[in-house]
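Input: a single structure, listed below in structure tokens.
The values are calculated or read from the model by the stated rules, or taken from the named source; none is laboratory data. Remember, it's a predicted structure, so these values are computed and weren't measured experimentally. For neighbour counting, all protein chains shown are included, and Cβ atoms are generated from backbone atoms with ideal geometry for every residue, glycine included.
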Amino acid sequence: MVATNDRALVGLVIVSHSASIADGVAELVAQVAGPDVAIITAGGGPDGTLGTDGDRVRAALRRADSGAGAVVLVDLGSALLSVRAALAELDGEANLVLADAPLVEGAISAGVTAATGVPLADVVVAAEEARGARKL
Amino acid sequence: MLESSELVRLPGAVALHARPAGAFVRAASSFAATIEVRANGRQANGKSILEILGLGADAGSVLTISASGDDAPAAVAQLAELVAGFS
């Protein structure tokens, strides 16, 4: 895990039923991971409602890979379904991996790890390690 | 295998939370050595943001930074300086 500074960093995509949650997670991750990691959000339904918007998710996924790929984190239920459908449509157009991780802890772990310049696979591992993080 | 360890006190106004914790982990990750931080009777992998945040190290508390590996002395020196300089 030795940093390399001469190439693109892995990005993050945050997908939530709530735009406020997605934006808040992105804000928190940026605070911890620093300004160099690209974080793209797709939060809420089509009309500012709670839900997910397939078009917004697809657009976010298309923008997320700036060369090193991106890890995708979701909150619940239909967010997962929307991301899976969008990934199937993009069909390898971008280097994206859906992480099986809790949204807040996974995003922070992924963001800080991405900032060190490691490859996508290592960032996904960092996100998924958050599953085992105990609070107490 | 080199071992190195140092005690350092967090400055009075800085807890090892969000931004400082992230800066610490990013710096720690630039070394090959394994890095451990102890505070409040807990220990954390210095390269894991969730473990570092889990230390709950408040402003003014003392961290023990230990490293093991070829670049351990440099790692501990740089990380101790980083912590002491947090503002």
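Below are the figures for this structure:
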read-out: Test: residue in region A:80-96 that is within 11 Å of the chain's Cα centre (by Cα) and either more than 21 Å from residue A:28 (Cβ to Cβ) or within 14 Å of chain B (Cβ to nearest Cβ) (or both); value: yes
read-out: Filter result for residue A:121 (within 14 Å of the chain's Cα centre (by Cα), assigned to a helix (DSSP H, G or I) and within 14 Å of chain B (Cβ to nearest Cβ)); value: no
read-out: In region A:97-116, the residues that are more than 9 Å from chain B (Cβ to nearest Cβ) and in contact (Cβ under 8 Å) with a residue 60 or more places away in the chain; value: A:103, A:104, A:107, A:110, A:114
read-out: Test: residue in region A:12-20 that is closer than 20 Å to residue A:133 by Cβ, within 14 Å of chain B (Cβ to nearest Cβ) and touching a strand residue (DSSP E or B) at 6+ places or on another chain (Cβ under 9 Å); value: yes
read-out: Those residues of region B:3-32 which are among the hydrophobic types (A, V, I, L, M, F, W, C), touching a Ser or Thr at 6+ places or on another chain (Cβ under 6 Å) and either without any contact (Cβ under 8 Å) to a residue 24 or more places away in the chain or crowded, with 17+ Cβ neighbours inside 10 Å (or both), in sequence order; value: B:10
read-out: Residue B:61 among the small types (Gly, Ala, Ser) and surrounded by fewer than 21 Cβ atoms within 10 Å (Cβ to Cβ); value: yes
read-out: Criterion: within 11 Å of the chain's Cα centre (by Cα), crowded, with 22+ Cβ neighbours inside 10 Å and of a type outside the set (Gly, Ala, Ser) - qualifying residue of B:79, B:55; value: B:79
read-out: Residues of region B:34-87 that turn out to be in contact (Cβ under 8 Å) with a residue 40 or more places away in the chain, charged (D, E, K, R) and more than 14 Å from chain A (Cβ to nearest Cβ), as a count; value: 1
read-out: Residue satisfying condition, being at pLDDT 95 or above and closer than 15 Å to residue A:16 by Cβ, within set A:106, A:111; value: A:106
read-out: One residue from A:93, A:89, A:105, A:129 being among the acidic types (Asp, Glu) and outside any helix (DSSP H, G or I); value: A:93
read-out: Condition check for residue A:136: surrounded by fewer than 21 Cβ atoms within 10 Å (Cβ to Cβ) and either touching a helix residue (DSSP H, G or I) at 6+ places or on another chain (Cβ under 7 Å) or within 14 Å of another protein chain (Cβ to nearest Cβ) (or both); value: yes
read-out: Selected residue (criterion: farthest from the other protein chains (Cβ to nearest Cβ)) from residues of region A:22-49 that are assigned to a helix (DSSP H, G or I) and surrounded by fewer than 24 Cβ atoms within 10 Å (Cβ to Cβ); value: A:23
